[in-house]
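Coordinate-derived values only; no laboratory data. No experiment lies behind these values; they were computed from the predicted model shown. All Cβ positions, glycine included, derive from the backbone under ideal geometry; neighbour counts span all protein chains shown.
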Amino acid sequence: MAIPAQTLPGCSTSSAGAVADLPTAVFVERWRLITGEPPAILLNSRTAMLALLVESTPVAPLEPPVPTWDGCGRGGDTPR
């Protein structure tokens, strides 16, 4: 038996039921906030729409941070 998550009024939940319960206009508005444009089509399952959106989003490349001790500042020529 699924128990809905308790949330504060006006806060979102990760429940698939909460996405399904959104009015269409609100779903389209929030989709537009994420993507910058309205959805081209509306599928029967909004969860499936969000899954497609996540799958089609390219992964951001991981660029490790440059350590501050690599030749910068005092003692940059100190052997390690």
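Could you run the Karplus curve 6.51 cos²θ - 1.76 cosθ + 1.60 with θ = phi - 60° over the range 42-59 and give me ³J(HN,Hα) per residue in whole Hz, x for Gly and Pro?
10, 7, 5, 10, 5, 4, 5, 4, 5, 5, 5, 4, 5, 5, 8, 7, x, 6
What order, most packed first, do the peptides 59-67, 19-27 have when packing is the mean number of other Cβ atoms within 10 Å of each residue? It would help to have the intermediate numbers written out before the result.
On the way: 59-67: 5.9, 19-27: 11.8.
Ranked from most to least packed, the peptides come out as 19-27, 59-67.
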